[in-house]
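Take a look at the structure set out below.
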Amino acid sequence: MASPDETTLLLNRLGRGERSAADSLLPLIYDELRSLAASRLKRERPDHTLQPTALVHEAYLRLVDAEHIEWRGRSEFLALAAQQIRKVLVDHARRHKTVKRGGGARKIEFNEELHGVSSGDLDMIALDEALSELARRSERQSRVVQLRFFAGMSVEQVAELLGVSARTIKGDWRAARAWLAGRMRA
């Protein structure tokens with residue numbers, strides 16, 4: 001594994017538009033991104049057509065195409081990678097739903113980690129819409145859910161990334177899960 005400084009240096013070069021940095025960066029973070037993607041895909045339907053490698057590559061391409069970003073480090077990059085993974089999964093769900101003529105939306109398990117009660121499957125598009133609505137109500141709570149649920153970050157990692165206390169993140173996590181549970185039932 002590369003040092004955090006090496007990763008940050010490559011991220012900053014990438015942010016300045018140095019395309020060669022993307023080729024050097026991918027091998028340093030690929031295993032972590034693939035693990036993240038595989039973890040998210042475990043929550044998808046069993047016959048899902050998207051594979052972890054394809055999910056990583058699509059999310060990575062979206063990230064490295066963003067120019068003029070001043071990356072603060074590996075954690076921020078992984079947080080944004082989680083957002084891109086979410087977007088790729090939602091886009092894939094929308095295409096799948098379109099193919100099925102409005103039905104059969106892709107589902108992910110809305111497990112105890114997010115909901116507090118194991119309640120079967122959840123439509124990924126509905127979750128995306130709920131997270132977007134939550135972001136309008138509380139941007140930080142929405143980010144906490146994305147970082148915890150999609151990036152698999154610990155409370156402490158999220159607190160460090162967002163620059164607040166772990167206690168604040170725990171409160172946001174509880175509030176966001178409760179709000180999402182109510183929204184998803186509706």
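Every read-out reported here was derived from the displayed coordinates using simple, explicitly stated rules and does not represent laboratory data. Computed from a predicted model, the values in this text were never measured in an experiment. So basically every Cβ, Gly included, is an ideal-geometry build from the backbone, and we count neighbours across all protein chains shown.
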Revision key, fill the gap. Simple SL model, points at 7 angstrom along Cα→Cβ for TYR30 and GLU160; separation in nm is 2.6 nm
**Study point:** Cβ-defined net charge surrounding ARG34, 15 Å radius [Lys, Arg +1; Asp, Glu -1]
**Key:** -1
Exercise for review: First measure r as the distance between the Cβ atoms of GLN51 and ALA175, then evaluate 1/(1 + (r/R0)^6) with R0 = 30 Å and state the FRET efficiency to the nearest 0.05.
Suggested key: 0.30
Practice item. Order these peptides, 141-154, 71-84, 172-185, by their mean beta-carbon neighbour count within 10 angstrom, highest first. Key: 141-154, 71-84, 172-185
Review point. ARG137 to ASN12: extension gain in nm, 0.36 nm per residue of separation minus the Cα-Cα distance?
Key: 41.8 nm
